[in-house]
2 protein chains.
Amino acid sequence: MNGRFQIAVHIMTLLTVSEGEQLSSDYIAGSINANAALIRKELSNLRKHNLVSSKEGKAGGYTLAKPAQQITMAQIYQAVKQDSILGEARNAPNPACAVGKNINKHMAAINTGIDDLINKKLGMQSLADFSKQFQ
Amino acid sequence: MNGRFQIAVHIMTLLTVSEGEQLSSDYIAGSINANAALIRKELSNLRKHNLVSSKEGKAGGYTLAKPAQQITMAQIYQAVKQDSILGEARNAPNPACAVGKNINKHMAAINTGIDDLINKKLGMQSLADFSKQFQ
DNA sequence: TTGTACTGTAATAAAAATAGTTACAGATGA
DNA sequence: TCATCTGTAACTATTTTTATTACAGTACAA
């Protein structure tokens with residue numbers, strides 16, 4: 001989810017700074033220097049999370065779904081994150097070992113603890129706050 | 001760094017639980033269900049960070065470099081982490097764009113803020129605390 | 001009603017990151 | 001001097017991420 005948060009924040013910042021104007025995926029991709037279809041995919045995800053709205057057809061494009069004051073960085077983070085931050089085991093550890101048997105559970109506790117913390121921290125900053133830095 | 005933190009914590013927990021006994025990389029790999037050479041690579045890194053000591057030769061193996069009470073989960077995290085959590089841009093964004101030009105700097109600020117938070121949180125839990133859960 | 005400029009999405013390819021493997025030199029103790 | 005272990009490099013395989021291409025569908029406007 002590394003690069004995706006970066007991209008999502010970049011997108012959201014562009015939409016904030018351009019104040020309601022419809023931006024095309026091509027334009028956004030140009031600023032990010034990434035592929036337009038990829039950007040549309042992320043925009044699609046952000047729309048699913050009610051952070052952007054889109055308009056098809058000529059003169060279509062993307063805008064914020066609501067004022068930047070009402071969007072927190074945590075919401076963007078949530079929209080993008082899919083896996084835990086510090087990771088779960090990819091190989092089932094050995095269940096015959098007292099440590100292996102329980103490590104996933106205890107790692108999960110660490111992960112959710114940290115994730116809560118991140119959400120709390122990012123929840124304190126609105127997209128409007130963040131975007132102000134670019135003016 | 002996802003899977004590596006999991007592996008490193010697993011290793012450190014095994015070494016804690018086995019109370020000073022030398023463990024071989026083979027034994028550790030068996031509990032984690034991973035490759036022994038891979039585990040040795042991570043052990044090598046943990047040693048570099050003064051968290052484990054190793055002994056070569058027959059009857060060799062690995063032990064904690066210091067008591068588990070004196071090791072925090074944050075130290076393990078630090079030993080393993082190499083990149084930022086939420087990511088920096090992989091493509092240089094467009095420098096001709098006010099947002100693209102500055103996004104990396106501002107994302108970096110978010111990243112270090114979160115990293116500090118993680119360190120603070122993980123710094124509150126010792127390896128001894130964590131390992132108690134497995135007894 | 002037709003052309004143009006967009007979104008939406010799937011299929012696929014390329015690239016990068018991660019994990020796993022093999023191999024073997026060197027250390028150490030029995 | 002043999003057996004058992006670490007240390008590390010070189011390499012391969014796998015998985016994940018990112019990029020590309022392609023095209024159907026929508027909306028506006030002349």
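Let me confirm one metric for peptide B:99-112, namely the mean number of other chain beta-carbon atoms within 10 Å of its residues' beta-carbons.
Working: counts 15, 8, 2, 3, 10, 2, 1, 6, 6, 0, 2, 10, 2, 0.
Taking the mean over all residues of the peptide, I get 5.
In nm, one decimal, shortest first: how far is the label point of B:P95 (7 Å from Cα along Cα to beta carbon) from the matching points in the other copies?
Distances to the matching label points in the other copies: 5.6 nm.
Distance check, please: which entries in A:K48/A:K120; B:K66/B:K121; B:K48/B:K121; A:K55/A:K132; A:K66/B:K81; A:K41/A:K101 exceed 28 angstrom between their Cα atoms?
Working: A:K48/A:K120 22 Å; B:K66/B:K121 21 Å; B:K48/B:K121 23 Å; A:K55/A:K132 26 Å; A:K66/B:K81 36 Å; A:K41/A:K101 38 Å.
Where the Cα-Cα span goes over 28 Å, the pairs concerned are A:K66/B:K81; A:K41/A:K101.
For peptide A:122-134, how many partner chain Cβ atoms fall within 10 Å of a residue's Cβ, on average? Present the calculation step by step, with values, prior to reporting the outcome.
Working: counts 4, 0, 0, 2, 0, 0, 0, 0, 4, 2, 0, 6, 8.
Partner Cβ neighbours, averaged per residue: 2.
Positive end of the dipole of the stretch A:2-132, charges at C-beta (+1 Lys, Arg; -1 Asp, Glu), about the Cα centre: which of A:P93, A:N35, A:G20 has its Cα farthest in that direction?
Ranked along the dipole, the leading option is A:P93.
Is there a quick way to get the dipole size of the stretch A:2-132? I mean about its Cα centre, with the Cβ of Lys and Arg at +1 and of Asp and Glu at -1; what is the value in debye to the nearest 20? It would help to have the intermediate numbers written out before the result.
Working: 15 positive and 10 negative charges, 57 e Å.
Around 280 debye, computed over the stretch A:2-132.
Compute the normalised compactness of the protein assembly as shown: alpha-carbon radius of gyration over 2.2 N^0.38 Å, N being the residue count. Each step should come with its number before you reach the end.
Working: Rg = 22.1 Å, N = 270, 2.2 N^0.38 = 18.5 Å.
Compared with the compact-globule rule of thumb, the protein assembly as shown sits at 1.20.
A plus B alone minus the pair: what accessible area, both sides summed, probe 1.4 Å, in Å² to 100?
3900
Top mean-square fluctuation among A:L122, A:L38, A:L46, Gaussian network model of chain A, C-alpha springs under 10 Å?
Per the Cα network of chain A with a 10 Å cutoff, A:L38 tops the list.
For labels at A:N2 and B:N45 in the simple 7 Å Cα→Cβ model, what's the distance in nm?
Each label point lies 7 Å from its Cα, and together they span 1.2 nm.
If you filter the stretch A:37-83 for trypsin sites (Lys or Arg not before Pro), then keep DSSP loop positions with at most 10 other Cβ within 10 Å, what is left? Intermediate results must be reported in sequence, preceding the final value.
On the way: sites: A:R40, A:K41, A:R47, A:K48, A:K55, A:K58, A:K81; in loops: A:K58, A:K81.
The qualifying sites are A:K58.
Per DSSP H run of n ≥ 4, the term is -39500 (n - 2.57); total these for chain B, divide by its residue number, and report the mean residue ellipticity at 222 nm rounded to 500 deg cm²/dmol.
-18000 deg cm²/dmol
At what distance in angstrom do the alpha carbon centres of the stretch B:30-45 and the stretch B:108-122 lie from each other?
28
Among B:A96, B:A59, B:A37, which one moves the most in a GNM of chain B with springs linking Cα atoms closer than 10 Å?
Of B:A96, B:A59, B:A37, the Gaussian network model singles out B:A96 as fluctuating most.
As an exercise, identify the GluC sites (Glu not before Pro) in the stretch B:5-108 lying in DSSP coil whose Cβ has no more than 12 other Cβ atoms within 10 Å.
Values: sites: B:E19, B:E21, B:E42, B:E56, B:E88; in loops: B:E19, B:E21, B:E56, B:E88.
Answer in residue order: B:E19, B:E21, B:E56.
What nm value, rounded to one decimal, do you get for the distance between A:N102 and B:M124 when each label is placed 7 Å out toward the C-beta?
2.2
Under 8 Å for C-alpha pairs, at least 6 residues apart: give me the relative contact order for chain A, rounded to a whole percent. Walk me through the numbers before you get to the answer.
Values: 150 pairs, mean separation 39.6, N = 135.
Relative contact order of chain A: 29 percent.
Anyone know which of A:S18, A:S54, A:S44 comes out most mobile in the 10 Å Cα GNM of chain A?
It is A:S18.
The values are calculated or read from the model by the stated rules, or taken from the named source; none is laboratory data. Since we're looking at a predicted model, the values are computed, not measured. Cβ: placed from backbone, ideal geometry, glycine included. Neighbour counts: every protein chain shown. SASA here: full protein model, heavy atoms, side chains in, ligands and nucleic acids out. Shrake-Rupley method; radii C 1.70, N 1.55, O 1.52, S 1.80 Å.
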